[in-house]
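Structure record follows, encoded as structure tokens.
The values are calculated or read from the model by the stated rules, or taken from the named source; none is laboratory data. Everything quoted here is computed from the prediction, not taken from an experiment. Please note: Cβ atoms are built from the backbone with ideal geometry, for glycine as well, and neighbour counts cover all protein chains shown. What goes into the accessible areas is simple: the full protein's heavy atoms, side chains included, and nothing from ligands, DNA or RNA. Shrake-Rupley method; radii C 1.70, N 1.55, O 1.52, S 1.80 Å.
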Amino acid sequence: MTKEGLNGITMEMTEGVKNEGFQADEEEAVEGHGGLRETSSSSVVLSPNGEESAYTQIKPYAGMPKEVLLMYSNQARYRLPREILFWLLIASTLALVALTIAVIAVSPRCLSWWQSSAVYQIYPRSFKDSDSDGVGDLKGIIEKLDHFQYLNIKAIWISPFYKSPMKDFGYDVEDFEDIDPLFGTMKDFDNLLAAMHDKGLKLIMDYIPNHTSDKHKWFQLSRNRTQGYEDYYIWTNCTESAPPNNWVSIFGNSSWTYDEVRKQCYLHQFLKDQPDLNFRNPRVKEKMTEIVRFWLDKGVDGFRMDAVKHILEARHLRNEPQVDPNQPPETVDSEFELYHDYTTSQLGLHDILRDWRVEMDKYSREPGRYRFMVTESYDYEEIDKTMMYYGTNNVKESDFPFNFYLIDLPDYLSGEGVYHLVNLWMTNMPRGKWPNWVVGNHDKPRISSSVGHEYTRVINMLLLTLPGTPTTYYGEEIGMENVNISVDEIQDPFGKFNPNATRDPQRSPMQWTAGEYAGFSENKTWLPIHPNYTTVNVQDQKNDDESVLVQYQTLSLLREAELPLHRGWMCFVHRDADVFAFVREMDGFPHAFLVVLNFGSDAETDLTGVSPLPEDLTVRMGTRGRKGEPIHKSKIETRRGEGLILQYSTQQRLHPHHASSCYVSEKACYLSALNILYKC
């Protein structure tokens, strides 16, 4: 068929192929005005005989209309794979959720930073002097932060640096929210804290709740009976010559001092320059809690709560019983001559500490920012009082109270003696709580002097292989000893009262180098430096692979790397006059450790009777070398002051059959196939 166009060109129309699937737009389907649509956009065009059009002859293609897509998507070969993939996805999701829940349910709690690291105590006066005034300061600590990374220590406790008249070297606080100029400024503190956190270190501050300085503004307001401050401290009627009772100060003589301004006596369980706060006054408790918040807001990681047992006193102010009833009362002038029934561990004390724990927990919600709390209380033979600071299973208190019983090592220097001191804590500690170990601090003689330098290495090995957190007093890592202090050189106020009890010898400046002033200062030192600083110092010991310092570092790294030492069981296996030995093991772990420590004379130890131990063991580390040396369990030879860590492999474990001599705090088992820990 042909048709002539308007321009005279002839076009030929030939018969085309009919596209039965073609569907016109709605506008094209309407003819004229009000015409009817020939088909809807969703209809399927049928052939004249009423059957489906040629869609059935078309294979799926890109851009196909919905009708074609729906037609093929319903076919079994397309529908079944789709449904299989869908249900596989659902099943996989459910399996992952179940696995996650199972892993969470069976995984033991991760150890916190205060459990995974030793704690290092800095006495700031004696650590590092940055401005050559002879006294250590905050900037000096910043200069030496790399020392802690070398030691693999992540928790640093710094003794007080608050603004203070320094009658008790910082424990007499004039302003809890300021830094004493002797140590620097608040900016210096902020820089120190930031530098520590940048290096992954945690800062524990000393918090002194029992008392303030008599220069504190609260005391000045209280002695003048300013409204609201009248009973911030413990005041009572008395005369200058007649104290209200027989209570005695820690530093000796009466706990009461007559104040000429107020015409009353105030209580001070320490120096007369350190009046006791009245914690039965709710406003005092709130003010002291605000101080806790102040430092937590700054970002400190924890507090060592000082002298907590003295926080409350009995209201009745009765005389305390004498240890010797026949002693003339007027001659009682020291704390050890009285039973402190009314001045320590009073009802309500633990409520105060728990309230502070609640405040600290509020700041612990941020991941990785747990706020640590340790209490200081010398309870001597009344260890049950010390254990109360752990709190209960339902009410949390301190993470642990300081364990000072190893400070008595000089009186128990033998295998049996060390066992007694370790077992004393472990048998009295509440089940599941975390132990800790201290052999020295700023109040007690250095352990290297009190027991002899030949035991320094074995004591460090004891601290870093026992379960729990060890605390190292500055200088113990290099074996520093007490320095001799003449009467004229005494700085300690307690020493001025009793020169034989001065604490200055254990507070001498840190020995960094063999240079002038031991690298502590460039000018002078506030206390004499020990004469052995030319050989006992950090710099020289770093270069000696067999030094006390290098062995301390090796022990610290080993403690962190080996799960049995970190959080495994401890089982006592032997003790005698010379040797104390225990095993550190973990269920499922491929190897365990036998720790053999000599606190007496040269000895040969036979552990044949300890059946779970294999016949042959290997020295993993020794204080006198011997690494890799094979040892037979029937003949373990140690010399005076020597320590050995022996590694062995066995499927047998001691703790299932020796429950009375085995302890664990954070129980966990090891699954070697997946290299994970799980609850067991």
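Scanning residues 5 or more positions from T472 or on other chains, those with amide H under 5 Å from its amide H are V119, Y120, Q121, with H placed 1.01 Å from N in the peptide plane. Across all directions, the shadow cast by the convex hull of segment 317-420 built on its C-alpha atoms averages 10.3 square nanometres. The calculated pair-distance distribution of segment 392-472 uses every alpha carbon pair, bins of 5 angstrom beginning at 0, and gives 3, 14, 26, 25, 16, 9, 5, 2, 1, 0 percent. A Förster radius of 45 Å, combined with the Cβ-Cβ distance separating T650 from T289, puts the computed FRET efficiency at roughly 0.30. Using R₀ = 25 Å, calculate the FRET efficiency as 1/(1 + (r/R₀)^6) where r is the Cβ-Cβ separation of R262 and S241; round to 0.05. Once rounded, the FRET efficiency stands at 0.90.
Rolling a 1.4 Å probe over the protein heavy atoms gives the chain an accessible area of 47 Å² per residue.
With the simple spin-label model, which puts each label point 7 Å out from Cα in the Cβ direction, the E522 to N498 separation comes to 4.2 nm.
So between L99 and R365, what do we pick up on full extension, going 0.36 nm a residue minus the alpha carbon distance?
Working: separation 266, 0.36 × 266 = 95.76 nm, distance 2.58 nm.
Extra length available between L99 and R365 comes to 93.2 nm.
Subtract the Cα-Cα distance of N543 and L145 from 0.36 nm times their separation in residues, and report this length gain in nm to one decimal. Before the final figure, lay out the partial values.
Values: separation 398, 0.36 × 398 = 143.28 nm, distance 1.89 nm.
This chain segment gains 141.4 nm when fully extended.
For segment 602-649, count all C-alpha to C-alpha pairs, find those more than 14 Å apart, and express that count as a whole percent of the total. It works out to 47 percent of all Cα pairs.
Between 0 and 90 degrees, rounded to the nearest ten: what's the tilt of helix 456-465 against the longest Cα principal axis of the chain? Taking the Cα atoms of the chain, the angle to 456-465 is about 40 degrees.
Start at zero, step by 10 Å, and the Cα-Cα distances of segment 523-605 spread as 15, 27, 31, 18, 8, 1 percent across the bins.
Computed on the Cα atoms alone, the convex hull of segment 267-332 gives a volume of 119 cubic angstrom per residue.
How tilted is helix 76-106 with respect to the longest principal axis of the chain? Cα atoms for both, answer in degrees (0 to 90, nearest 10). So the helix axis and the longest Cα principal axis differ by about 10 degrees.
When the Cα gyration tensor is reduced to axis lengths a ≥ b ≥ c, the ratio a/c is 1.5 or higher for segment 210-329, and with a/b not above b/c it is classed as oblate.
Are there any GluC sites (Glu not before Pro) in segment 295-398 that are in a DSSP loop and have at most 10 other Cβ atoms within 10 Å? List them by number.
Working: sites: E313, E330, E335, E337, E359, E376, E381, E382, E397; in loops: E313, E376, E381, E382, E397.
Passing sites in segment 295-398 are E381.
I want to verify the translational diffusion coefficient of segment 561-680 in µm²/s; compute it with Stokes-Einstein, Rh as the Kirkwood radius over Cα pairs, at 20 °C and 1.002 mPa s. Write down the numbers at each step before the final one.
Values: Rh = 14.7 Å.
Once the numbers are plugged in, D ends up at 146 µm²/s.
Once both labels are positioned 7 Å from their Cα atoms along Cα-to-Cβ, the gap between S601 and E637 label points is 1.7 nm. The angle separating the long axis of helix 415-428 from the principal Cα axis of greatest extent in the chain is about 60 degrees. Computed from label points 7 Å out along Cα-Cβ, the spacing between L69 and F86 is 1.6 nm. Computed over segment 476-558, the percent of Cα pairs more than 19 Å apart is 45.
Send over the Kirkwood Rh of segment 165-259, from the inverse of the averaged 1/r over different Cα pairs, rounded to one decimal Å.
16.2 Å
My understanding is that a pair violates if its Cα-Cα distance is over 27 Å; which of K217/K298; K199/K298; K217/K444; K272/K309; K187/K287; K202/K444 do that in this structure?
Values: K217/K298 23 Å; K199/K298 17 Å; K217/K444 32 Å; K272/K309 19 Å; K187/K287 24 Å; K202/K444 25 Å.
Exceeds cut-off: K217/K444.
When the solvent-accessible area of the chain is split by element, carbon and sulfur atoms take up 51 percent of it, the probe being 1.4 Å. The listed residues C680, C110, C265 rank as C110, C680, C265 when sorted by accessible area, largest first, using a 1.4 Å probe. The largest accessible area among L221, L527, L70 belongs to the first residue in L70, L221, L527, and the rest follow in falling order (1.4 Å probe, all chains).
Computed on the Cα atoms alone, the convex hull of segment 272-377 gives a volume of 117 cubic angstrom per residue. Phi angles of segment 559-568 translate, via the Karplus equation with coefficients 6.51, -1.76, 1.60 and θ = phi - 60°, into HN-Hα couplings of 4, 6, 7, 9, 4, x, 6, 7, 8, x Hz per residue; Gly and Pro are given as x.
With the Cα gyration tensor of segment 77-204 in hand, convert its eigenvalues to equivalent ellipsoid semi-axes via √(5λ) and list them largest first in whole Å.
Values: eigenvalues 607, 43, 40 Å².
Rounded to whole Å, the semi-axes are 55, 15, 14.
Legend: residues E516, E477, sorted from most to least accessible area (1.4 Å probe; ligands, DNA and RNA excluded), read E516, E477.
Trypsin sites (Lys or Arg not before Pro) within segment 146-216: which are DSSP loop residues with at most 13 other Cβ atoms inside 10 Å?
Values: sites: K154, K163, K167, K187, K199, K202, K215; in loops: K154, K167, K199, K215.
Loop-located and lightly packed - K199.
With only Cα atoms counted, the chain has Rg and Dmax values of 38.1, 147 Å.
Here's the picture: a label point sits 7 Å out from the Cα of I383 along the beta-carbon direction, and within segment 409-426 the residues with their amide nitrogen under 11 Å of it are 419-426.
Sorted by mean Cβ packing within 10 Å, highest first, what order do the peptides 615-621, 284-290, 252-258 take? If you can, show how the numbers build up before the last one.
Values: 615-621: 17.4, 284-290: 15.7, 252-258: 19.0.
Ranked by mean Cβ neighbours within 10 Å, highest first: 252-258, 615-621, 284-290.
Rg and Dmax, both from the Cα atoms of segment 448-595 and both in Å, are 18.7, 61.
Rolling a 1.4 Å probe over the protein heavy atoms leaves I234 with an accessible area of roughly 30 Å².
Taking every pair of Cα atoms in segment 440-509, average 1/r, invert it to obtain the Kirkwood radius, and report Rg/Rh to two decimals. Before the final figure, lay out each step's value.
Numbers: Rg = 13.4 Å, Rh = 13.0 Å.
Reported Rg/Rh (Cα atoms, Kirkwood Rh): 1.04.
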